[in-house]
Structures are given as structure tokens and as C-alpha cells.
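Working notes for the structure below.
Since every read-out is calculated from the coordinates, none of them should be taken as a lab result. Here the structure is a predicted model, which is why all the values come from computation and not from measurement. Note that each Cβ is placed from the backbone with ideal geometry, even for glycine, and that neighbours are counted across all protein chains shown.
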Ligand SMILES: [Zn+2]
């Protein structure tokens, strides 16, 4: 199955939570850039200047990770995972005992260790020996180093709408109502309306809300918009609880796969029977993306 999966909000949030656990308080000893092409608006020298900085917080806006440095500089290392980006942490002792750990949601994930190979384009070595590794075989990921913590002024980030899970369903429904007559899926994918939803969770939200993805947003009444907003938040929440969706590349900070793929109802299931009604699921391009829905369940 050729699936060009892009990490979306639940995957990036999974990485953020892992980084917060492993990374906060770490002091960088050395920053090594293997492939400068992943850097945007900063140089190899700029990134090397992270030596001596301490990681104070790890935030996220939509699909962007925001690693905040402490001290006088208060710089922010912005990481976008692109299509196949992985941001992992390798402990100094490398004593990753193979095994499994059960998440609160019931998902049992296998433990790392993270892969280290020629696709690792940035290594942030910490005092004490642990390492952050940015690995990205397809090289669509990007790393920016910004001055200050106020990253909203950067061109990439200023156009983002509010982060999806910072909103209540009513607030999200309100934003959808202002989005005009474009089709439902185009609006859900528009990061300037709401940040974080991509192809997987847009299709899943439409299925859960029983709304066709190719329908005009303007044709939904307020009840249907609220239902869509609730569905979007529910599928994102499930994705986070299952530690993200992995088809091929996505891993968490420990190098472990996410468990949400088996929970998906429609994504990548075109031509297979609908899990709700048995109808063969339709597949077509909507909003320039491969889109799957049920003709019988979704109106
Ligand atoms: Zn159906």
C-alpha cells in the first residue's frame, strides 16, 4: 500500500509529549548538521550556536514543534516533520530494554531504540551524552531557528489558524462557518482556518460526522457543523491517545510506532467494505488529496 502519510496533529503531539518528558532541562553540548538542506532561514553555524543552550519547554502549533531555549537568547528551534521526519531521543546509556509498554488507552507499544543511519540530518548531543536525532529519509522536513519565543511573526507560522485541540467544538464550528463555500475537506485541511488536521483525520472526521468530504461547507447547517467539529476533535483525541498513526515512517520520541492505524475507519480503505454499513467505500481526489468515504453513510 503506497501511502504518503504526513504527520498530523496527533503524531506531532505524541512527539511533543515525549520530548517534554525526555528533553526538558537537557543542555546541548554540540549540534551537528548532516544535511544543510533541511535548514530554513538559518545556517549550519546558527544551529551550531545551540551549544550551551538549555531546553526549557516544548510546545506545538498545528504540525510544528517549538523547542524553546532558556537563558538570555530564548531562541526557538522550530521543527516540521514533513512527510517522513522522525525526532527521537537516544539515551546516553543506550540501555533501551526491548519490550513493550501499555499506554493508558490500552495500546501496547514496542520500545525503540531509535534508528541511527545516513538519514539522520541533525544531531543535538546533550551534556551527559543523550542525543536528539532528526531523521528524515524523504527530506521534506524543515528546521528553523528563530530569535525569541514569539514565533507567530515568522512567515511560516503567522498564517496558521488556532491549533485544533486548543478549541472547543463550538469554537471550531464557528471557524468552519466563516470558511465560505469551499468543500468540507478543503476547509478542514486549510491550516489558516484551523491548524493540525491533515488527510487522515479529515477523512475520519467526515466519516464520524456522516458528512461527505466533497460537500460545500456552506451547505451545512449549524447542527451539522457542530457535529463535524465534535467529530474532528474526537478523532484527533483518539489519535493522541493511541500515540499517533503509523503507516510507515512515523515514530515517537522513543522510536516506537503509533497504534492508531488499526482504529481508522476510512483512511486508506477505498474499495473495502464500510465498517458501519458494508457498502464498498468510494475513493476519489477531493481537495487534491486521495479521499475515502461511504456513499451510503455520508450525506
Ligand atoms: Zn457506510
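Observations on the model:
- Counting only DSSP beta bridges whose two residues both lie in the chain, roughly 95 percent are antiparallel.
- For the chain, the relative contact order is 20 percent, taking Cα pairs closer than 8 Å that sit 6 or more residues apart in sequence and dividing their mean separation by the residue count.
- The length gained by stretching the chain between residue 102 and residue 153 to full extension, at 0.36 nm per residue less their Cα-Cα distance, is 14.4 nm.
- Across every direction, the projection of the convex hull enclosing the Cα atoms of the stretch 9-158 has a mean area of 8.9 nm².
- On Cα atoms only, tilt of 199-209 relative to the major axis of the chain in degrees: 40 degrees
- Footprinting exposure proxy for 293, 149 (fewest neighbouring C-beta atoms within 10 Å first): 149, 293
- In the chain, one over the average inverse separation of all distinct C-alpha pairs is 19.9 Å, which is the Kirkwood hydrodynamic radius.
- Shape of the stretch 108-190, Cα gyration tensor, a/c cut at 1.5: prolate
- Working note: 222 nm ellipticity from helices only, DSSP H runs with n ≥ 4, each -39,500 (n - 2.57), summed and divided by the residues of the chain, gives -7000 deg cm²/dmol to the nearest 500.
- Peptides 22-31, 154-163, 183-192 ranked from most to least packed, by the mean per-residue count of other Cβ atoms within 10 Å: 183-192, 22-31, 154-163.
- For the stretch 136-271: rounded, prolate or oblate by the Cα gyration tensor [a/c cutoff 1.5]: oblate
- Using a cutoff of 8 angstrom between alpha carbon atoms and counting only pairs six or more residues apart, the relative contact order for the stretch 9-158 works out to 29 percent.
- Compared with the dominant principal axis of the Cα atoms in the chain, helix 222-241 is inclined by about 40°.
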